[in-house]
Amino acid sequence: MSSEFGVWLAAFFTIGIASFLYKDNPLYKFCESVFVGISAGYWAVALFWENLIAKMFDSLGISYFFGLWPEKGALQDIFSGVWNWNLLHILAGILGIMMLLRLFPKIGWIARWPLSVIVGSTAGLWMITYFQSNFLSQLQKTVVPLFDIGRINELSEIGAAMSEQGRAIPFDAYFAAYLGNLILIFGTLTGLVYFYFSKEHKGVFGKTAKVGIYFLMITFGASFGYTVMSRMSLLIGRLYFLFSTWLGFVN
Amino acid sequence: MRREIPLILTAIVGITFFIQFFVPHSPMRELSETFSDWYSIISAFAIWLGGLNLMKISFEKVYKKDKDWFFAVTTIVSFFLILIVGLFFSGGRQYLEQGSGYDWLYRNIYSPLSATMFALLAFFVASASYRAFRARNAQATVLLLAAFIVMAGRTPFGDWITIYLPEGWRLSNLSNVIMNYFNVAGQRAIMIGISLGIVSTSLRIILGIERSHLGGE
Amino acid sequence: MANKVASGIFIIVILPFLIWLIHKKPQPPSVSYPPYDLTAVLTPYDTAGSVTLSWFTLEGDDEAAAYFPDYRILRSQYQQGPFEEIGTVSFDVPRSTQISRQFRDIAVVAGGDYFYKVVAEVDGEIIESNVFGPITATPGPAGEEPIEVPDIIAFPPTQLKAYDTPNDNGGSITLEWKISASDAARSERFKGYDIYRGASPDGPFEKVGETTSGVSDSERQVKIIADGRDIINGVEYYYYVAAKWNGYEANSEIFGPVKSSQQWFHTGRGVSLVLLGLLIGSILYFINRAKAGKELFIRKIGGLEAVDEAVGRATEMGKAIFYVPGIQDMNNMQTIAGLTILGRVARLTAQYETKLEVPVSRSLVMVAAREIVKESYLNAGRPDFYNDDIVYYLTDDQFGYAAGVDGLVIRKKPATVFYQGAFFAESLILAETGNSIGAIQIAGTAMPAQLPFFVAACDYTLIGEELFAASAYLSREPKLLGSLKGQDLGGKLIFLSLALIFVIIATLGAFTGSEIVDTIQRMFNVN
Amino acid sequence: MNKFWERLLTIDRRAIFVVIFLALSVPIFLQIGLPIPVTREVQILYDALEDLPRGAKILVSCDYDPGSEPELQPMAEAAFKYFVANDLRFIIIGLWPQGPIQGNRAIEDINESDDELIVENGDTLYFGADLVVVGEDTARYGIDFINLGFQVGQELVIQRMGTSFEATFPSDRRFGRPQKEFPIMEGIYRLADFDFVLNLSAGYPGTVEWVQFAVDRFHVPVGAGNTAVQAPLAYPYLDTGQLTGILGGMKGGAEFERLVGHRARATMSMTSQTMAHIFVMLFIVVGNIAFFVTRGKSERRDLRK
């Protein structure tokens, strides 16, 4: 059994949160309220050091001025006549303060300014990124021959060798060679038809969309099956903590 | 002022990122980097807005002697505890180092709370599979079968129940096929759909047609 | 107004791009390397004076290939020959590195000039190396302690080329060289390369970087690396690269001058631009058509049809409605798309005077959600009913937020819960808890991993793109409907038709054994 | 008979919770190991690491929090051990604030030396922080590995690294000194200067963003360790060659542990995992039998079409 105070504290909070499984109770409420407070503070501290200090005060040279950081920043550069883009971080600071003005109802609308910078950069960046990585590269990988000739040829070579040893060619190898590309192309295209909004899902079009839904359902099923595994491992981790680190039953 | 400037700001920033992708020439890169940094700095300010809001609500609960006012007190105490420790008593910049007060709070309070909350999922996943995965109709049946095969195929159990089949023709192979072909095809359709949705939504935002984030029409 | 300005900027931006596309900028020099790449050096530490040759092995030279013949080493005193054979290296002699072979010529006369070449016959074809020389045999300084001469010695990197890094904003020069013949990956003694740069061919040179052993392009046996250390655009630089081997450095020849510059267009992104331009053009076209009053059809989306019903139900039961906008910030398009649904929900709750609660996990989302709810209450004619506490912040933390929302849901027992936005693992915690209190749940997310849980535990689910279509669907505003149509025609239809056409071509290509598949795929390469 | 199934259909979910708890706990005490065959996606990652030359620099991005520790921490430990033993240098960063701490904890846990500290040239070096001993190999902070901490900005951080690494991660975590004071950073100016990126990710920002920016824009090979939930999302990228290998969940971790010859927690947990899977499958089967026998009589309500 552990003799560390911290471990006991951790065990207390572990059991407290888990007690929610039985029903909502004061112990859970306590842990929940601690969790909300601690995590909100946790993020505030992390962003203070990593964003406010590192991005703004260091890069502007304010930390250097107070001797808190060895490197010069934008302000020092400007005074020695060199343009430094980081000087624009002052504007970001102003936008940040505008954000805080949201606390005062009368002038709270000014928070829209920084918000629009955030939303604008998201829009610009995501538009390009998703188009490249999701649209283009997926299009690229959908443009494949219907049958994988290379793999089919490979199969006949390996097949001969394997049947000599009395073994069967794996099912997935067959599938990959003859049906793999077909399923990839067909599934992607029918799935896309399901997402077609400006045409009613009727007739042949409707049938295709229906096939698309089935592909989506298989995808969801597969993700679910895969996820069950992940979720179980999380609990195993906690059980190890309780049985091993805290109680010392197992190594 | 209230509406036009935000719309113009959105357009300028958005178009900068767009052009930056195709034009490597300065000042595009510098501009886009600057806007990225702005994002970090603005969110560092904004988090205080959230924290203060949380404190405001909690203090109100205590003040009004709400039913759960005691728990509001614990929220307030734990918020200020980690804040004060993290800002003043954890060696400044090295606040994440082993042995700092912040690190101690992280390991012994934050980490078990977070991990246990996450671990509850194991229970919920089990109950969801018992309750929700019913072969109600053809679609649900397909979903269920795929889940079942993948689940079985990812553990030795799957091969064990199909031991009478030749090697290479067992459940794990079927699960591979589902994972690598059917799953990929479905994911791909979803991904392409999403990317189109994002391009179009982004374009509308940049053009100022979609402005709900600034408060509706 | 702003939208016209932005449209204008878009067109102004895209047109010049298309023109640039036609006038493609020159690509970086494509460098090809001959086989062998024979080099010779005076054997270091050898006081008697000898010459060591080194060359890259030919394809087929490995110990398993018993049919591979010997390399014949030829020497002459003149460039033109005649060459005489001075030895052979057989394939079954272990190679000095994985990629190269060495031969030491000890039968040299001090002061003599020599030329070398290597010849081998592969599959009936005689392959000759380059002629290397002249090299003057020189014995080491007399009287020095004889040092043990290593079996394998260091060879310099060869054929160094440097050029302006393409498609960048300057400040970078790309170097490319054929790796040293002594370079074997994971060799204990080969320590990689040092890169030296100078302002003139005579120096002084300064070390500006180092890199590991091994190749960047295994087909050509070259190492490619960009030097980006304090390079000023337009200034001429000279480079050489040194191979480090067992405390000994072998320098390449000096290459230069080379200048870096900025490019105006990223040539690798041409196809992106054309396809994206088509998509954007199609969206803009249909937005304009819709503005002109053209009716546009949109199919039924179950999850969105249910919004009114779900709000109505909560009103009947006299219970609250929870709206959960996901755990991501405003820098996620899903959050933004989800918030448009919040606008609709808030309007309905204002009309029905139903209690609405929006716990959020990001302060920026809080700001935006408050704007939206306030506006909706105003539009519904109930500004009195609004207060800031409808939208409140819990914590930025994923599970802290999940714990908080769970507690709220259990205690306040809302009749309806909306989950719209980006969700991660907390999706099931939230949905299961909502389910356990019997709430109607409508979910929408573009996170593929979380969709199965929402599909299983919620009554309605907006799948992926449907979430982004919500704002158009709910508002029925012509401009938004137009963009939806544009994304159907300019995106999906183009994708479908391009994919089908190219699949047919690729299939035919595969049967005829042409390289068309690679060509097509290269077209869509993402850079 | 019908009654029994009906009762089963409306069973308290807490009964299910108890079953799952037992299914996972019992194997922990029994400590049985199961055979673990290595899948293709894990082999690809391992082969890519094997191909790296000595002294290659690897960027390890820890993008997870304690919540996903059971799945990703074993991967981090196995990978760091492998790096130290094979003379590869690694630079730890995080796009999640908790990530770099998790990296530190992994380094602390793989250290095999029993000593606490040594004094060398007047400097006090702590084992598990400044020095890591794995078998006969030793790695030293600042020379063989370094922790540069967390940066906010999600994918924008990766984008910035592509053009300037130093501007993105200006200082180290342990001493709070400018990063260029450390010898390991020599030759690292941009993301492209790394030989490999290992991304251990539990969500956003994570593998998808690394593929979109690091691979697609800056052409650095990226290998991923994912939670099992994230793994299906990453599969399409493996197929396209954008990802160099995936370690999917605890099973992927166990396979990786097997390849690098470090049997640890992931391997030991596979039995519990298998048990839990069997029970979840049983639940689905029993739930459906009950559903069909009673024809869904006691279903709460069904709004779905």
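The values are calculated or read from the model by the stated rules, or taken from the named source; none is laboratory data. Note that the structure is predicted; figures quoted are calculated from it, not measured. All Cβ positions, glycine included, derive from the backbone under ideal geometry; neighbour counts span all protein chains shown. Calculation scope for accessible area: heavy atoms of the full protein, side chains included, ligands and nucleic acids excluded. Shrake-Rupley method; radii C 1.70, N 1.55, O 1.52, S 1.80 Å.
Values computed for the structure shown
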read-out	value
Derived scalar couplings ³J(HN,Hα) [the range C:106-120; Karplus, 6.51 cos²θ - 1.76 cosθ + 1.60; whole Hz; x for Gly, Pro]	8, 8, 10, 9, 4, x, x, 9, 10, 10, 10, 8, 10, 9, 8
Environment charge at B:Trp160 (Cβ cut-off 15 Å; Lys +1, Arg +1, Asp -1, Glu -1)	0
Inter-part distance where the range D:138-204 and the range D:23-63 are each reduced to a Cα centre, Å	23
Placed amide H near C:Gly112: partners under 5 Å, 5+ positions off or other chain	C:Ala137
Theoretical ellipticity at 222 nm over chain C - DSSP helices of four or more residues, -39500 (n - 2.57) apiece, nearest 500	-11000 deg cm²/dmol
Spin-label pair B:Leu87/D:Val293, simplified geometry with 7 Å Cα→Cβ offset, distance in nm	6.2
Along principal axes, Cα extents of chain C, largest first, whole Å	107, 50, 49
The range C:158-258 - Rg over Rh from alpha carbon coordinates, Kirkwood radius	0.96
FRET E, pair C:Lys294, A:Leu91, Förster distance 41 Å, beta-carbon r, rounded to 0.05	0.45
Within chain A, helix-based [θ] at 222 nm, where runs of 4 or more DSSP H residues each add -39,500 (n - 2.57), nearest 500	-20000 deg cm²/dmol
Average beta-carbon neighbours from other chains, 10 Å sphere, peptide D:209-221	3
For chain B: relative contact order, % (alpha-carbon pairs under 8 angstrom, 6 or more apart)	16
Relative contact order (%) - the range A:1-83, alpha-carbon pairs under 8 angstrom, separation at least six	13
Gap separating the Cα centres of the range B:154-214 and the range A:48-70, nearest whole Å	44
Fraction in percent of alpha-carbon pairs per bin - 5 Å, the range B:91-131	5, 22, 17, 14, 11, 9, 8, 7, 5, 2, 0
Sorted peptide list for D:110-122, D:34-46, criterion being average Cβ within 10 angstrom, highest first	D:34-46, D:110-122
Per-peptide average of other Cβ atoms within 10 Å, ordering C:345-356, C:106-117 highest first	C:345-356, C:106-117
Directionally averaged projected area (convex hull, Cα atoms, the range B:1-86), nm²	9.0
Kirkwood hydrodynamic radius of the protein assembly as shown, from inverse mean 1/r over distinct Cα pairs, in Å	32.9
Dimensions (Å) - chain A, Cα atoms, principal axes, largest first	77, 60, 45
For D:165-172, mean number of other protein chain Cβ atoms within 10 Å	3
Heavy-atom accessible surface of chain B: percent carbon and sulfur, 1.4 Å	68
Cα→Cβ-extended label distance, 7 Å offset, between D:Glu50 and C:Gln77, nm	5.3
Along each principal axis, Cα extent of the range B:66-217, largest first, Å	65, 49, 40
Peptide ranges C:441-451, C:494-504, C:368-378 listed from the most packed, as the mean C-beta count within 10 angstrom indicates	C:441-451, C:368-378, C:494-504
Karplus 3J(HN,Hα) series, Hz, for the range C:273-289 with 6.51 cos²θ - 1.76 cosθ + 1.60 (x for Gly, Pro)	5, 5, 5, 5, x, 4, 5, 5, x, 5, 5, 4, 4, 6, 4, 5, 4
Low-density loop positions, trypsin sites (Lys or Arg not before Pro), the range C:402-509 - DSSP coil, at most 14 other Cβ in 10 Å	C:Arg476
Value of relative contact order over chain D, rounded to a whole percent, pairs C-alpha under 8 Å and six or more apart	24
Spherically averaged projected area of the range A:145-251 from its Cα convex hull (nm²)	12.7
Nonlocal amide H pairs with D:Ser113, under 5 Å, H built at 1.01 Å	D:Val133
Chain D, helix-only ellipticity at 222 nm - DSSP H runs n ≥ 4, -39,500 (n - 2.57), divided by all residues, nearest 500	-13500 deg cm²/dmol
Cβ-based net charge around C:Val360, under 11 Å, with every Lys or Arg adding one and every Asp or Glu removing one	-1
Shielding score for B:80-93, defined as the mean number of other chain Cβ atoms within 10 Å	4
Antiparallel bridge percentage (DSSP; both residues within the protein assembly as shown; nearest 5)	60
In Hz, Karplus ³J(HN,Hα) per residue of the range C:166-183 (6.51, -1.76, 1.60; θ = phi - 60°; x = Gly, Pro)	x, 6, 9, 9, x, x, 8, 10, 9, 10, 9, 8, 6, 5, 4, 5, 8, 7
